[in-house]
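Comments concern the structure below.
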Amino acid sequence: AILGRVLRPGARVADLGVGSGAFSLRHQSAGYEPVAVDMNVDVRPEGIPFLEADITDLSSVFEPGSLPAAAAIECMEHLHDPIRFLESVWQALEPGGVFLSTTPNVIHPYSKLKFAVKGTFWLFSPEWYWSTGHLTPLPEWLLRAHLTNAGFTDIEHGLIGNFDFHGMKRMLIKAMRRRLHSTGAPLGVEGDGSNLVMLGRKPG
């Protein structure tokens, strides 16, 4: 829905770090032209063009200035070098092209509380490091700074998603929801805001 506000119908969208391809398939069903990009994927999305490449160096698969849009869904927290990644995306985008990312929302009130109690953000701890490869927590201010440093402008953020918690944790998150909705995110808040959405544009 967010990309639909800023993309022309049928635009090509590079789905970076595609995984199993759920986001690409949704793009395709919405009338866009997804291109999946990843490395060492066991299950590739059926019916979606797939390019095997290191997403921190997109020059091997895309000409500079050739992409209308790129997306990285729950991807950047797995990267050793998100700055290099964003610079590569910026080079691949055409003037006026847009980049959309989602990452775990480490500044959610629950995540802040977890950090205060245990010294680790939600989804970022030794066990998450080894089991899922969550390497790089990216709060909104830091990701905005990385995007700006890479050359992106018109940067907006929003919050989406729900925590998969029950019992007392679920009650605690509901109690925090009012504070979450008062953050003034330009792209809005949906659900519990467990995920941060960032949207940036390459100047045209």
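The values are calculated or read from the model by the stated rules, or taken from the named source; none is laboratory data. Please read these numbers as outputs of a predicted model, since none were measured by experiment. Virtual Cβ from ideal backbone geometry, glycine too; neighbours counted across all protein chains shown. Side chains are part of the model used for accessible areas, which takes the heavy atoms of the whole protein and leaves out ligands, DNA and RNA. Shrake-Rupley method; radii C 1.70, N 1.55, O 1.52, S 1.80 Å.
Per-structure values
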read-out: Estimated [θ] at 222 nm from DSSP helical runs (n ≥ 4, -39500 (n - 2.57)) normalised by residues in the chain, nearest 500; value: -9500 deg cm²/dmol
read-out: Relative compactness, the chain, computed as alpha-carbon Rg over 2.2 N^0.38 Å; value: 1.02
read-out: Mean separation of Cα contacts under 8 Å, 6 or more apart, over the residue count of the chain: relative contact order %; value: 20
read-out: Reachable lysines from Lys114, criterion Cα separation under 21 angstrom, eight or more residues apart if same chain; value: Lys169, Lys174
read-out: Eligible aspartates and glutamates near Lys202 by straight Cα distance, threshold 16 Å, same-chain separation 8 or greater; value: Glu63, Glu87, Glu94, Asp154, Glu156
read-out: Prolate/oblate/rounded call for region 99-142, Cα gyration tensor, a/c under 1.5 rounded; value: oblate
read-out: Under 5 Å, built H, 5+ apart or other chain: amide partners of Gly21; value: none
read-out: Cα centre as origin, Lys/Arg/Asp/Glu Cβ charges: region 1-144 dipole, Debye; value: 660
read-out: Under 5 Å, built H, 5+ apart or other chain: amide partners of Ala14; value: Val35, Ala69, Ala70, Ala71
read-out: Under-5 Å amide H pairs with Val106, H placed in peptide plane, nonlocal only; value: Leu138
read-out: Top of Val61, Val18, Val98 by mean-square fluctuation, Gaussian network on the chain, Cα under 10 Å; value: Val61
read-out: For region 110-179 versus region 1-46, the gap between their alpha-carbon centres in whole angstrom; value: 24
read-out: Three-way shape label, region 1-121, alpha-carbon gyration tensor, a/c 1.5; value: prolate
read-out: Accessible area of the chain belonging to carbon and sulfur atoms, whole % at 1.4 Å probe; value: 55
read-out: From phi via Karplus (6.51, -1.76, 1.60), per-residue ³J(HN,Hα) for region 19-32 in Hz, x at Gly/Pro; value: x, 7, x, 4, 5, 4, 5, 5, 4, 4, 5, 8, x, 8
read-out: Karplus (6.51, -1.76, 1.60) ³J(HN,Hα), θ = phi - 60°, over region 48-63, in Hz, Gly and Pro reported as x; value: 10, x, 10, 10, 8, 7, 6, 6, 8, 9, 6, 5, 6, 10, 10, 5
